[in-house]
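What follows draws every value from the coordinates through simple rules; no lab data is involved. Because the structure is a prediction, the values reported are computed rather than measured. Ideal geometry is used to build each Cβ from the backbone, glycine not excepted, and the neighbour counts take in all protein chains shown.
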Amino acid sequence: LKNVLISGFRSEKGLVDLTSHILENAASLKHMILDTAYGCNRRHCRCSPLTGNALMEAWKTVDVIKRHIEDKVPSSVKFEVIEPCIKCHTNEACTS
């Protein structure tokens with residue numbers, strides 16, 4: 001297992017536990033991406049529309065990742081968290 005992408009990552013305990021287990025046991029892991037925003041693409045400003053509840057859950061998930069997962073990431077692993085794009089999920093026009 002070298003590359004992991006979890007799209008639609010949420011703050012449920014099972015997903016957090018699975019991610020922690022992968023980080024602690026996948027010796028060949030090189031890259032992990034946790035996508036909390038269903039593919040929000042800041043480079044091209046093509047974000048998926050998120051409802052108010054989904055957006056709140058995405059930000060809650062980002063906080064859970066910071067508190068429970070980031071400190072378990074080995075230095076050899078490139079770790080990315082895709083957060084909701086603030087410009088795309090407000091009334092402000094996207095200029096990314």
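For this structure, a couple of remarks:
- Highest to lowest packing among 31-37, 67-73, scored as the average C-beta count within 10 Å: 31-37, 67-73
- Extension gain, Asn53 to Ile6, is 14.9 nm, computed as 0.36 nm per intervening residue step minus the present C-alpha separation.
- Potential lengthening between Lys66 and His31 on full extension [0.36 nm per residue; Cα-Cα distance subtracted]: 10.9 nm
- Under-5 Å amide H pairs with Gly8, H placed in peptide plane, nonlocal only: Asp35, Ala37, Tyr38, Gly39
- Applied to region 8-22, the Karplus parametrisation 6.51 cos²θ - 1.76 cosθ + 1.60 on θ = phi - 60° returns per-residue 3J(HN,Hα) values of x, 4, 10, 7, 4, 3, x, 5, 5, 5, 4, 5, 4, 4, 4 Hz, with x for Gly and Pro.
- Phi angles of region 53-62 translate, via the Karplus equation with coefficients 6.51, -1.76, 1.60 and θ = phi - 60°, into HN-Hα couplings of 5, 5, 5, 4, 5, 4, 5, 4, 5, 4 Hz per residue; Gly and Pro are given as x.
- Surrounding net charge for Ile69, when Lys and Arg each add one and Asp and Glu each subtract one, Cβ distance under 15 Å: -2
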